[in-house]
Structures are given as C-alpha cells and as structure tokens.
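Derivation of every value follows stated rules applied to the coordinates shown; laboratory data play no part. The shown structure was predicted, so the numbers you read here are calculated from the model rather than taken from an experiment. Every residue, glycine among them, receives a Cβ derived from its backbone with ideal geometry; neighbour counts consider all protein chains shown.
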Amino acid sequence: MLKTTKHTLEPGFILYSDNDKVTISIFEEVAQKEKPIIDVVDSLGARNRVWKLTPPEKIKRVQEIFKDQQLVIADGHHRYETACTYRDMRREEKKDWDENDAFNFRMTYLVPVEDEGLVVLATHRCLAKVKVTPEQEEIFKKYFEIEEISKEKIPEFLEKNQDNHVFVYYQDGKAKSMIMKDPTTINEFVKDRSEEYKNLDVVILRDMIFQGIMGLSDLKIDDDIFYERWWNEAIQKVDEGKYKVVFILNPTRAKQVLAVAKNHERMPQKSTDFYPKMISGLTMMSLEDGEKLN
C-alpha cells in the first residue's frame, strides 16, 4: 500500500509523559477557542475532530516537552518497521536524498499518558481446545485465592481489584475469580526480565498460568488461542461451544507500557488495545518525490 500510494494513510500511536500537563493545557485551550479544521462522524458513530496548532510559542513549548524524554510506540510497531524499510528503499532509489525528504518521516499521533481521555481496553484470552482441569485448579490454589462468582459480578470484581493481579476464568457455565497471593512467585516462571515486565497481568497469565501450570507453550493464534475485546461476548462464545474457556483480565495501564518500553523491552502480544485511535484517512501524509518537511 505504501509503495503504491506513496502516502501514509494513518498515524502511528505514540505515548509520552507530561506530568505537569503542559501539553494537555495547550491542547485544551486550542480546542476550546478554535474551530476544528476537520469534524466528521465515523461509521461507528464516533465524532472525530482535528485542530491545528499554529502559535510558534505554543509549538515550542510542546517541542520542549518531547526534547529530553523517550517516546514510546503504543500501537503501530509493524507500521513503524514498514516505514523504516520503505525509507531505506527510497534512499536507494534517490541517491541525492536529503534529511528533509518526506519519506524519512512517519506521521504520528502523540498522547500523554496523563490524559484522562486515554483508555486502554482489555484483551481477553480464549482457549479453543483445552480447559482448566481439576488438577490444574488445585495448582492454581497454591498461587491464587480461588472463588466461584456469578458471571454478572465479573466487571465489579475486576474493577474492585485493579491494584492486584487478578483474573476470572469461565468454563462449563461457571466463573471463578483468581487473586494472586504473592506477586513475587512470578519469579518461579519468568527470569531475566525487569520487575515492570514481570508484573504485567498478561505476562502472569501467559508465562505462569498458560505455560507454567497448564503446559501450553505453543499456542497458535486463531487456532489454539483467540482474543476478545468484550468479556460478555467471550463468555457467550464459551457457552456456544466456540471456546472451551476464557480468561478475563483487567486492561494494561498506559503507564505500565511506558515503564516497560523505557527498559527497552517489547510488550507481549495483544497486551494493549488503546482507544481512541484516529481513523484511517482522517489525516494523510504525502511521500511523493519532491515532498519535504522543513
């Protein structure tokens, strides 16, 4: 697509830190005082608005926030790698390229982790071929407090225990909550990783529960394991027989993503689902010959 159109059709999604909310204040002020240059409702009924920041002094303040910190790719790792490959290809084609050529850049959507509008949705794990055996549940009890709960209570349980490592697994019409007794027991299953990485719920679920206790070391996506955004839909599919069991978990926090990335570690697969994202085609960037960014 990139080679054919010579356009970037959607931005990457980048996180940064703004503890003093400098950029947040600037963006809020612009949004309150100015009319958006784009204002559309997409197919999902979400309103998408884009403002243009033009005062040089405000742009400089935003640049100063970015200058001395590490920015983190929240969504679009593969698109970033594609952009680098495309850049290298264009440099080979154009021997007299310079640093301002547009193909050296990637259009990006930057969001501070402190922004209250930033939401990370959970991605629940569904196993299609196996379920928890009574023997495995007994091992669970060594590491977790296990209790049967009604499926209607699942959201309440997860929200109430956001500061703990908790899960709910649902199979055979029953939901069972899991509260980790001692977070340091993850060290029995994960080594040579940072504490920030080991304390991710998705790591505990994958490395401790799936691989360590259940012996599921080679789960193939869309064959052995499936991912669902909404817990109630996942449960319905278990009841319908599409899945054997679903493990429901809290979303990863944006600050956790930032902390892991600053340790130069890559987040596990399907560990984040950031919202809102800009729809494709809302903003586009030309990478055609002669286009430059100065």
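Across the stretch 36-42, computed HN-Hα scalar couplings (Karplus, 6.51 cos²θ - 1.76 cosθ + 1.60, θ = phi - 60°) run x, 7, 9, 8, 9, 10, 8 Hz from first to last residue, x flagging Gly and Pro. Take each peptide in 118-125, 45-52, count the other Cβ atoms within 10 Å of every residue, and average; sorted highest first, the result is 118-125, 45-52. Cross-link check: pairs 220/262; 153/181; 60/160; 52/198; 3/255; 129/181 evaluated at a Cα-Cα cut-off of 31 Å; pairs beyond the cut-off: 60/160; 52/198; 3/255. Overall, the chain carries a charge dipole of about 300 debye about its Cα centre when +1 sits on the Cβ of Lys and Arg and -1 on the Cβ of Asp and Glu, all other atoms neutral. The HN-Hα couplings worked out from phi for the stretch 79-89 by the Karplus form 6.51 cos²θ - 1.76 cosθ + 1.60 (θ = phi - 60°) are 5, 5, 5, 5, 4, 5, 5, 5, 4, 5, 5 Hz, whole numbers, x standing for Gly and Pro. Close amide H partners of residue 111, meaning residues 5 or more places away or on another chain with modelled amide H under 5 Å apart, are 14, 15, 16.
Take 91-103, 204-216 and order them by the average number of nearby Cβ atoms within 10 Å per residue, most first; the result is 204-216, 91-103. Pairs of alpha carbons in the chain separated by more than 23 Å make up 64% of all such pairs.
Length gained on full extension, residue 35 to residue 139: 31.6 nm, using 0.36 nm per residue less the C-alpha separation.
Mind giving me the FRET efficiency for residue 286 and residue 191? R0 is 51 Å, r the Cβ-Cβ distance, nearest 0.05 is fine. With a Förster radius of 51 Å, E is 0.60. In terms of other Cβ atoms within 10 Å, 78, 7 run from fewest to most in the order 78, 7. Is the shape of the stretch 119-274 rounded, prolate or oblate, going by the alpha carbon gyration tensor and its root eigenvalues a ≥ b ≥ c, with a/c under 1.5 for rounded and a/b larger than b/c for prolate? It is rounded, given that a/c, with a ≥ b ≥ c, falls under 1.5.
With the alpha-carbon atoms of the stretch 10-82 aligned to their principal axes, the span from lowest to highest coordinate is 38, 35, 20 Å, starting with the largest.
A protection proxy built from the mean count of other Cβ atoms within 10 Å ranks the segments 79-90, 9-20, most packed first, as 9-20, 79-90. For the stretch 35-69, backbone nitrogen atoms closer than 20 Å to the point 7 Å from residue 100 Cα along Cα-to-C-beta are found at 56, 60.
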